[in-house]
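Working notes for the structure below.
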Amino acid sequence: MLKTLKKYALIYKVFVKNCFIAQMEYRINFLFANTIEIAYLFIKLLYVMVAFRVGVVINGYTPDMMMMFVGSFTMMTGFYCLFFYSNFMNLSNHVRNGTLDLLITKPVSLQFIATLRNVDFGFSFTNVVAGAGMIIIAWSRMDIPVTPSRVLVFMLFIFLGIVLKYAIFLMPSLISFWTVQTAAVNQMSTAIWDMNHVPMHIYGSSVRHVGTFLFPVFVITNFPPLFVLDRLTWAHMVWFLIAPLLFLFLSRKLWNVAIRNYSSASS
Amino acid sequence: MIIEVDGLSKSFTYHKKELGLKSSIQNLFRREMQTKHAVSDISFSIEEGEVVGFLGPNGAGKTTTLKMLSGILHPTSGSAKVFGYTPWERKNEFKRQFSIVMGQKNQLWWDLPANESLFLNKCIYEVDDVEYARTLGELTELLDVKELLKVQVRRLSLGERMKMELIAALIHKPRILLLDEPTIGLDIISQRKIREFFKYYNRDKKTTIVLTSHYMNDIEEMCDRSIIINHGRIVFDGGLNEVNERLGHKKIMKLVLSEPVEEWVLNQVGEVKEFKDTHVKFVFEQSEIKKMSRWVLDHLPVIDFTIEDIPIEEGIALLYQSGGEKHETA
Amino acid sequence: MRLHSMYLKTFSLGVQNSLEYRTNFFLNLFGAIFPILIQFFYWRAVFTSSGQQIVFGFSYNQMIAYSVLAVLMSKLIGTTFQYEIARDIKDGGLNKYLVKPIGYLSYRIFCFLGEKSVQMLVVLALSVIIMLLLNAWLDFPVNLPYILLFLCVVPSALMLNFFIYYSLSAVAFWFTEANGAFRTFALLANIAGGGLFPLDIYGPVTKAILLALPFNYVIYFPIRLLSGTLTGPEIAAGAMMQLVWIGVFAALSTLLWRQGLTKYIAVGG
């Protein structure tokens, strides 16, 4: 078990190294990726700006709190792009070009190698930095005490968020095993993710419940700041520990179905 | 027996799309599904150390067979055992013992020097450092690519890239090497070098090699045994030089006539293969050689005439034509 | 007559294309529900929390109607052909059009219109349904003359957006990796056109600048018209400006494409 873990850690290290070398070959693309991210960041900031301009407490959230939520959303988007996005987008290419065939024959987990192989530095840099910046600014403006336990739990929650993000956003990408027209599916999952532009308590209760339990996108970006603001209930905290495992399990099941379909329906 | 295949079949369904606005609209509501039988009920077995070639026209089922042997595809029915494992169960112990190279798909990272991809494979196959260094040294020496290890793959020529792909596939010393069109797109010299490498490697390591190819030369030079597939069925299994025997010892007679003859006259004699002006080609049983010759010389205005064996290419073409109807296997 | 049928054929090619990718289109349209949800709940929260009747010069129902229509309008006028053009330029696919009697520009226009015609029917039908719902629910004024006027300016908005992006696509003659620039431009142009928030929230100075740019005639202007907040002269001026900008970008694209093609042919495609 420990040996397997070590093997996978080593392989992942090689992935990171290889991706870095490869991406340094195309510095111009790196630059372009960042301009796109800055444009998206601009949109996120507009939501904060509107809150500041209206200048009132919206559904119990001050403009500073809004900034912290948008910061958390921005950072999570950055991590998603860093670790997963390009892999998920590439799944359809693997299926179409048949490169999945070669990956299948490798003596490591196919899911590991197919969904974690690429690490994308270009599309993530701006978001991770800007998101962290927003969180720090909002944190200090609200005079929330910086205690080790608060910071550590916050970081743990960010990690859980990343795991949960992988699990629930892998599932829509798996549609590429059944249809080659995946653009719309990807757009849709991005649109759902973008619901996090505003804190979950802005939404009506039915939308909020769906986004917390059924397809828990809100959990990922809302729970870490809610914890910092001391607004996370115990029940929610427990759910945040269960949800990543549950959805990892579900996505794993769906992955197996997708691969079985691939190897029996294609030629 | 290192590979045993019994009654393997593979079929899949796809939907038909016709061109035009009208059918686009029809397609909105109803899609016509069709079934294609890529491989139908094939059986064969391969011993350790053999080099076996799959020959057949496009879409005959060669690649599909190879994919089932490597566990990429599930068959629709039938069974296969490779070192006792069922390939499509995809056990890691099984995967560690073979390699597949597909001429049109690469596993090397495009923007990286090849040695980075090789190192990744070392980690994936858990090859230890000493073993890795030795195998790498040996293979680069054999293929003469030592200096190219640090060059980005995209800057390599097609032939050089193929050699690197081979090293990547052999770095863990597989017992079986599956090759799908390994020389496709390569120039003649690179083709020859790669072939020689395979021959040497097979002799030296006793590695079993199973390959598919369009190129007759690949198969003729490398394989002691060929399995010819057409329409998903095996139509021949054996040495290429035995193709003729399988065809029932047929011969070809070529004639040059002094003046054209009516076709019905020729048809009286035997099976006319080709007929153009004064040039005629017959196919006939070896046993009829005397009777044929006498009749032809007596009744036709012959200037020149030769009798020869059927060339392998033509023999195989004949097998393709007869494929499907007659497919008893050795 | 032959040319005429060629255009018709290109148009039907566009229609076919949009039918072939219908799953994409409907999912895409369904995906519009999420930004609408964000906008709806966001503004509802802002209005109830602030306790004011008017925020940024909009009443509650005007703001909701604007946000919903802005999302739909962005979908309706959205273009993707710039990426195809960039690919054609990059890998030489343009060559096969250069020798055809039908110009590349005409090919792109008719293909675009063919593709949009199907989508337009769906989006417009959806807009009407939503308008009626808004009317029943929020007392949103539904006024037949305005709807007709709206239908008149939508084609201009579509053409204006076509020419903006057709001009932009010429960038691919000079930069091989233009996709990043395209995406950045599309995002910013959408904001500047009022596709995210009405221009009024950005403050008077920014708004004045944005109104001087062409983008607001693609989204902001048609929606304001439909909401019945523009006077007769304003509508006339807006429609006029749409045509002016179409002219400007048609000229600009001709210029850029002539330059670009010279370069393209010079380097041998």
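The values are calculated or read from the model by the stated rules, or taken from the named source; none is laboratory data. Computed from a predicted structure; not experimentally measured. Positions of Cβ are backbone-derived with ideal geometry, glycine not excepted, and every protein chain shown enters the neighbour counts. Side chains are part of the model used for accessible areas, which takes the heavy atoms of the whole protein and leaves out ligands, DNA and RNA. Shrake-Rupley method; radii C 1.70, N 1.55, O 1.52, S 1.80 Å.
Summary of the geometry: segment A:87-153 and segment C:73-91, compared by the centres of their Cα atoms, lie 28 Å apart. Any idea of the accessible area per residue across segment C:24-80, 1.4 Å probe, to the nearest Å²? Here the per-residue accessible area is 35 Å². Counting only protein heavy atoms and a 1.4 Å probe, segment A:140-180 has 48 square angstrom of accessible area per residue.
Pairs exceeding a 21 Å alpha-carbon distance, out of B:Lys91/B:Lys199; A:Lys3/B:Lys91; B:Lys163/B:Lys193; B:Lys122/B:Lys163: B:Lys91/B:Lys199.
Sorting B:His279, B:His15, A:His236, B:His231 on solvent-accessible area from highest to lowest, probe radius 1.4 Å, gives B:His231, B:His279, B:His15, A:His236. The A and C chains share an interface that buries close to 3200 Å² of accessible area, total over both sides, probe 1.4 Å. For the chain pair B and A, buried accessible area totals roughly 3000 Å², probe 1.4 Å, rounded to the nearest 100.
Accessible area per residue for segment B:248-309 is 65 Å², calculated with a 1.4 Å probe on protein heavy atoms, without ligands, DNA or RNA. Going from the isolated chain to the complete set of protein chains, segment A:226-267 loses at least 10 Å² of heavy-atom accessible area (1.4 Å probe) at A:Ile259, A:Arg260, A:Ser263, A:Ser264, A:Ala265, A:Ser266, A:Ser267.
With all pairs of separate Cα atoms included, chain C yields a Kirkwood hydrodynamic radius of 19.9 Å. Can you give the angle from 0 to 90° between the axis of helix B:114-125 and the longest principal axis of chain B, with both taken from C-alpha atoms, to the nearest 10? The answer is roughly 80 degrees. Each principal axis of the Cα cloud of segment C:84-137 was evaluated for its coordinate range; sorted largest first, these ranges are 55, 22, 11 Å. Here segment A:1-46 has an Rg and Dmax of 16.7, 48 Å, counting Cα atoms alone.
Computed over the Cα atoms of segment A:2-265, the ratio of the radius of gyration to the Kirkwood radius (Rg/Rh) comes to 0.98.
Its residues counted as N, segment B:128-216 yields a C-alpha radius of gyration over 2.2 N^0.38 Å of 1.07. Here is the P(r) of the protein assembly as shown: all C-alpha pair distances, binned every 20 Å from 0, give 12, 35, 33, 15, 4, 1 in whole percents. For segment B:248-309, the relative contact order is 50 percent, taking Cα pairs closer than 8 Å that sit 6 or more residues apart in sequence and dividing their mean separation by the residue count. For segment A:98-250, the relative contact order comes to 28 percent (Cα pairs under 8 Å, sequence separation of at least 6). Loop-located trypsin sites (Lys or Arg not before Pro) across segment B:151-224 with a Cβ neighbour count of 16 or fewer within 10 Å are B:Lys206, with loop assigned by DSSP. Taking only protein heavy atoms and a 1.4 Å probe, the accessible area of the protein assembly as shown is 62% carbon and sulfur. Evaluated at 4 °C with a viscosity of 1.567 mPa s, what Stokes-Einstein diffusion coefficient in µm²/s does segment C:1-110 have when Rh comes from the Kirkwood expression over alpha-carbon pairs? Answer from the Stokes-Einstein relation: 74 µm²/s. Roughly what % of Cα-Cα distances in segment B:38-172 sit above 22 Å, to the whole percent? Here the long-distance tail beyond 22 Å is 47 percent of all Cα pairs in segment B:38-172. Over all Cα atoms in segment B:186-277, the spread is summed up by Rg and Dmax: 19.8, 60 Å. Considering helices alone, the calculated mean residue ellipticity of chain A at 222 nm is -24500 deg cm²/dmol, with DSSP H runs of length four and up weighted by -39500 (n - 2.57) and normalised per residue. Bridging of C:Lys263 to lysines at a Cα separation below 18 Å is possible for C:Lys90, C:Lys96, once same-chain residues fewer than 8 apart are set aside.
Both numbers refer to the Cα atoms of segment B:59-123; Rg and Dmax are 14.3, 42 Å.
Ranking A:Pro225, A:Val48, A:Val238 by Cα position along the charge dipole of segment A:2-265, where only Lys, Arg, Asp and Glu carry charges on their C-beta atoms, puts A:Val238 farthest toward the positive end.
When you have a sec, figure out the Kirkwood radius of segment B:248-309 from all distinct Cα pair distances and drop it here in Å to one decimal? Value: 11.5 Å, from the Cα pair sum.
Dividing the summed -39500 (n - 2.57) terms of all DSSP H runs of n ≥ 4 by the residue count of chain C sets its mean residue ellipticity at 222 nm at -25500 deg cm²/dmol.
Of all lysines in the structure, the ones whose alpha carbon falls short of 30 Å from that of B:Lys273, not counting any fewer than 8 places away in one chain, are B:Lys62, B:Lys250, B:Lys251, B:Lys254, B:Lys281, B:Lys290, B:Lys291, B:Lys326. Note on chain B: semi-axes of the ellipsoid equivalent to its C-alpha gyration tensor, largest first and rounded to whole Å, are 44, 27, 21.
Note on segment C:163-264: semi-axes of the ellipsoid equivalent to its C-alpha gyration tensor, largest first and rounded to whole Å, are 29, 17, 9. Mean separation of Cα pairs under 8 Å and 6 or more residues apart, divided by the residue count, gives segment C:2-266 a relative contact order of 27 percent.
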